[in-house]
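**Student:** Can you keep this structure in mind? I'll have questions shortly.
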Amino acid sequence: MRSFTRLAGVLAAAGLFIVPAAASASAATAQPAGRAAAAASVHLTGGTTRVKTAPGIAVALLKAGIVPVPAGRASESVVNRDGRVAVRFDFPVTGGHVSLSPLGGSIHHRGGIEFINIANGKTITVGRFHISLTDADLTGIVNGNPKVRVPLFWVNLSHAHLNAGQTSVRATGIELNLTRTAASALDSALGTSLFSKGMEIGTAKTVLRF
C-alpha cells in the first residue's frame, strides 16, 4: 500500500481532476549503430528494461481503484512532469539473445507487477517477462506459475530507436499494447471492465549488455 499512498499523493498534488497542461513534443532522432549491429546474434549478460505508463493510464487505474506495485526484483518510481503523472517500473535483464540485422531474439527479465483492486481486494501478478523481438510480443507468467505463460503485450517497434556499441545495445520508444488475452485476464481477476485489447499501456526502453 506504500506505492498507493505515494501515487495518490503525487496525483493530488498534480490535480487529479484537472486536465493536464499540454506538453510540447520533440522528435526523437535515431543514432547510428556501432559495430555490434553487424553481429548475427549476441548472448545477453544483463541490463535493465524500464516501462513507463502512457499518458492518462496511471490516473485511469487509480480512479478505478487499481494499484500496480512492483513484485520480486522489480522497482517502481512515480514521475510528475507538468501535471502529467506516470509510473515507471524497472526490470533486471537476466539473459537472452538478440540480433540486430535482422532484428530478432528474446530478452528475459526478473520481477513483475502486482495489480491490486483496493475496492474488492482481488489481485493478479504477472512477471518473469520475455520480450520476443522475433514475434514482437511480451509474455509473462501469471501468479508465479511457470506453466502459465501468456502473451501480455504486442511490442510495436515502428517508433523504436537503437544505439548499438561494442558491449551494449540501447533501445528506446518501444510501444506496449495490451493483448486480448491479457485484457480478459486482468478484468476477470480484478473484477473490472477497465482493460481492452490494443490499449496502449506504455513505452519501454532497455539497455542490454553482452
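**Student:** Looking at (1) under 19 Å from Ala54 (Cβ atoms); (2) touching a residue at least 40 places away in the same chain (Cβ under 8 Å), which is the only condition Val207 fails?
**Tutor:** (1)
**Student:** Could you grab me the full set of residues in region 172-199 that are crowded, with 17+ Cβ neighbours inside 10 Å and within 13 Å of the chain's Cα centre (by Cα)?
**Tutor:** Thr172, Ile174, Glu175, Leu176, Asn177, Leu178, Met199
Every residue, every condition in (1) more than 17 Å from Gly96 (Cβ to Cβ); (2) at pLDDT below 95; (3) in contact with a Leu (Cβ under 7 Å, 6 or more places away or on another chain), yes or no:
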| position | (1), (2), (3) |
| --- | --- |
| Gly127 | no, no, no |
| Thr134 | no, yes, no |
| Arg149 | no, yes, no |
| Trp154 | yes, no, no |
| Ser158 | yes, yes, no |
| Gln166 | yes, yes, no |
| Ala189 | yes, no, no |
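**Student:** If you don't mind, another one. Given Gly83, Gly72, Gly96, Gly105, which one is modelled with pLDDT under 95, surrounded by 14 or more Cβ atoms within 10 Å (Cβ to Cβ) and touching a strand residue (DSSP E or B) at 6+ places or on another chain (Cβ under 6 Å)?
**Tutor:** Exactly one of Gly83, Gly72, Gly96, Gly105 is modelled with pLDDT under 95, surrounded by 14 or more Cβ atoms within 10 Å (Cβ to Cβ) and touching a strand residue (DSSP E or B) at 6+ places or on another chain (Cβ under 6 Å), namely Gly105.
**Student:** Among the listed residues Val93, Val148, which satisfies the condition of being closer than 23 Å to Leu44 by Cα and of a type outside the set (Asp, Glu)?
**Tutor:** From the options Val93, Val148, the qualifying one is Val93.
**Student:** Within region 108-151, considering only strands (runs of 3 or more DSSP E) that don't extend past its boundaries, which have at least 3 residues that are within 17 Å of Val67 (Cα to Cα), out of contact with any Cys (no Cβ under 9 Å at 6 or more places or on another chain) and touching a residue at least 24 places away in the same chain (Cβ under 8 Å)? Full working, then the answer.
**Tutor:** Values: elements: 112-117, 123-132, 137-142.
Counting at least 3 such residues, we get 112-117, 123-132.
The values are calculated or read from the model by the stated rules, or taken from the named source; none is laboratory data. Because the structure is predicted, anything quoted here is derived from the model rather than measured. Note that we place each Cβ from the backbone using ideal geometry, even for glycine, and neighbour counts take in every protein chain shown.
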